[in-house]
Amino acid sequence: MLFAPPNLETKELFWIIYILILIPKVFAKVMSVRELFPFFKWGFNIRRSNFLVPILSNNVIVTGEEAVQYEKPLPYIPQHNQQQQKQQPSQEYIQQNSSENNNINENNNINNGKEQEQPQSPDVVNQPTKTNNNNKKIPIKELSNEEILIKLEKGEVLAYKLESELGDCSRAVEIRRMLLEKQLSKKIEPIPYEGYDFAKVQGQCCENVIGYVPIPVGTAGPIQLNGSLVTIPMATTEGCLVASTHRGCKAITESGGAKCTITSRGMTRAPVVRFSDIVKASEFVSWINDNDNYQALKAVFDSTSRFARLSAIKCTIAGRSVYIRFKCDTGDAMGMNMVSKGVEAVLDHLKIIFDDMTLLSISGNMCTDKKPSSINWTEGRGRSVVCEAMITGDIVQRVLKTNVQALVDLNIAKNLIGSAMAGSIGGFNAHASNIVTAIFLATGQDCAQNVESSNCITQMEACNDGQDLYITVTMPSIEVGTVGGGTSLPAQSACLDIIGVKGSSSSKPGANADQLAKTIASAVMAGELSLMAALSAGHLMKSHLQYNRAKTNN
Ligand code: ADP
């Protein structure tokens, strides 16, 4: 029979049906090359679609517009993820990650078509990010915060680089907060961040910024200091502190005011160097102690800054090591950076002269920075300040609610003998660090330096036949600046302005930092007077309970 139907097998029948379906689709231009020749080019790729067309035993192809997007092989999605995969990743995401996908599939092919599990976070798969029309990655700053968050989690963007990547410090803070909240699984809303100029923090004051911690600021005084009235800003969360200091200021001012002088100034840095033996080490010390050599080193040091001026070098030998303590004037800056820069230049110079010298560290702890030590107490560091006042007997009675003799006796028993019995270094006072730290916080100082800046001996004497009280505080190592570090932040700068010492002194470099050190010493004296008065009169617990405990918290 001429027209008898051929005896088709199931497989051949299938192909005929398939081609019949394809022809109209090809004419309608809704199929990709990949669909037409799936078994040649894409034999080992698996993909789901709305139109599942079985070509080989375990292969499927995609159709229509979707297929056009998938001209490149796609990653294998493990079985357990296939449910999530039904929410298709955005085409943008696929495009952006096409190079990664290529690698995955190349690996799969290399492995003889064995499917390798390529773990992908469902979050990542389901989250879209943007790309431009040329399929190139677009700058991070043009992505949404959520897209950047994904990249942070994947490690494609580093959290600490957000400010430089985005060129927007506030947005960097916002995104870092999102990341932290996700990592902690808790909110950090109470830490504020809005309305703050984080550009002023960047590269100077803090890294990995997520906001700021507000600290209440109060003012004590004004106190009459060297003939002028000075108001003292104090940032603290300790109830009673500002009130107590204010009472001391009142007593001092009503008695005629405080006098204060700077006895020495100079920031210090003490590198440690080592020689081959003790002879070489002692020859080095003799060389430094020679005045001509010292002058040569001073010229090198002073050339490194407009403000840093070397004033002394003191060497201490320990075995074959030498600790070279440089001391220098640093104008209105606290001066740690300045002195370190100058010391580095001198060490470079010394290395040329002493080829046997090895630098172990630019800081050998005889500086001494931010640690208790007797060298700051005896030699001074930063500003060394002495402050005095005569408090009349009637003001001791009326304002301080005690009497002169009680104060003098308590000072001996507590601040002198008590501290001596405790083996204290620089702690011959009642609470100097309270006042120092509160002013440091308010004015943007390096708060860790409250360790040595709080060194203080408080002395009290009865005078004028026991009628009046003579008080002094001696503070050899107040380390402060009015330029650099946190002093340029808006709130801290405004607090410096309250004292009248904002920024660089126009009259004489260093005059503003001098005045700040004097203000701190006079405020410490006020604080000493008031606390000692409260202790001698037995008022301390009563006032602390009144101010430190909220009424609801009895
Ligand atoms: P520090 O040395 O205290 O760590 P910086 O490194 O920020 O502080 O140095 C202070 C900066 O301020 C220096 O660049 C210095 O040149 C500049 N500066 C401007 N005016 C003064 C001033 N009156 N006294 C000291 N430094 C000043």
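Looking at region 477-498, is at least one residue within 30 Å of Ser536 (Cβ to Cβ) and of a type in the set (S, T, N, Q)? Give the steps one after another, and end with the answer.
Applying the first criterion (within 30 Å of Ser536 (Cβ to Cβ)) to region 477-498 yields 477-478.
Next cut, of a type in the set (S, T, N, Q) only: 477.
The answer is yes, given that some residue of region 477-498 is within 30 Å of Ser536 (Cβ to Cβ) and of a type in the set (S, T, N, Q).
Looking only at region 475-496, which residues are more than 16 Å from Ala235 (Cα to Cα) and either surrounded by fewer than 19 Cβ atoms within 10 Å (Cβ to Cβ) or among the acidic types (Asp, Glu) (or both)?
Those that are more than 16 Å from Ala235 (Cα to Cα) and either surrounded by fewer than 19 Cβ atoms within 10 Å (Cβ to Cβ) or among the acidic types (Asp, Glu) (or both): Glu479, Gly485, Ser488.
Residues that are within 16 Å of the ligand (Cβ to nearest atom) and crowded, with 18+ Cβ neighbours inside 10 Å, at least 1 per element: which strands (runs of 3 or more DSSP E) completely within region 319-431 meet that?
In region 319-431, the matching strands (runs of 3 or more DSSP E) lie at 321-329, 382-391.
If the requirement is being out of contact with any strand residue (DSSP E or B) (no Cβ under 6 Å at 6 or more places or on another chain), in contact (Cβ under 8 Å) with a residue 40 or more places away in the chain and of a type outside the set (S, T, N, Q), which of these qualifies: Val473, Val501, Val451? Can you show your working first?
On the way: Val473 fails: out of contact with any strand residue (DSSP E or B) (no Cβ under 6 Å at 6 or more places or on another chain); Val501 fails: in contact (Cβ under 8 Å) with a residue 40 or more places away in the chain.
The unique qualifying residue is Val451.
So for region 215-236 (the condition being part of a loop (DSSP other than H, G, I, E, B), closer than 27 Å to Gln445 by Cβ and of a type in the set (Gly, Ala, Ser)), does at least one residue qualify? Show your work before the answer.
Within region 215-236, the subset part of a loop (DSSP other than H, G, I, E, B) is 215-216, 226-227, 236.
Checking which are closer than 27 Å to Gln445 by Cβ leaves us with 215-216, 226-227, 236.
Cutting the leftovers down to of a type in the set (Gly, Ala, Ser) gives us 227.
Yes, region 215-236 contains at least one residue that is part of a loop (DSSP other than H, G, I, E, B), closer than 27 Å to Gln445 by Cβ and of a type in the set (Gly, Ala, Ser).
Under the condition of being assigned to a helix (DSSP H, G or I) and β-branched (Val, Ile, Thr), which residue from region 280-311 is nearest to Ala345 (Cα to Cα)? Steps first, answer last, please.
Kept after step one, since they are assigned to a helix (DSSP H, G or I), are these residues of region 280-311: 280-289, 291-302.
From what's left, β-branched (Val, Ile, Thr): 285, 288, 300.
Details: Val285: 18, Ile288: 15, Val300: 7 Å.
For region 280-311, the residue satisfying everything is Val300.
What are the pairs with Cβ atoms under 9 angstrom where one residue, in region 335-353, is in contact (Cβ under 8 Å) with a residue 40 or more places away in the chain and the other, located anywhere, is in a helix (DSSP H, G or I) and within 12 Å of the ligand (Cβ to nearest atom)? Sequence gap at least six, or different chains.
From region 335-353, the pairs are Gly335/Ala513; Met336/Gln449; Met336/Gly485; Asn337/Gly485.
Which residues, counting only those in region 152-188, are free of Cβ contacts under 8 Å to residues at least 12 places away in the same chain and not in a helix (DSSP H, G or I)?
Step one: filter region 152-188 for residues free of Cβ contacts under 8 Å to residues at least 12 places away in the same chain, giving 155-156, 158, 161, 164, 181, 183-187.
The answer is Gly155, Glu156, Leu158, Ser185, Lys186, Lys187.
Return the residues of region 428-482 that are touching a Lys or Arg at 6+ places or on another chain (Cβ under 8 Å) and polar (S, T, N, Q); say none if nothing qualifies.
Residues satisfying the conditions are Gln449, Ser477, Thr482.
We did not get these values from a lab; they are worked out from the coordinates using the rules stated. The structure displayed is predicted, hence computed values, not measured ones. Don't worry about glycine lacking a Cβ; one is built from the backbone with ideal geometry, like all the others, and counts go over all protein chains shown.
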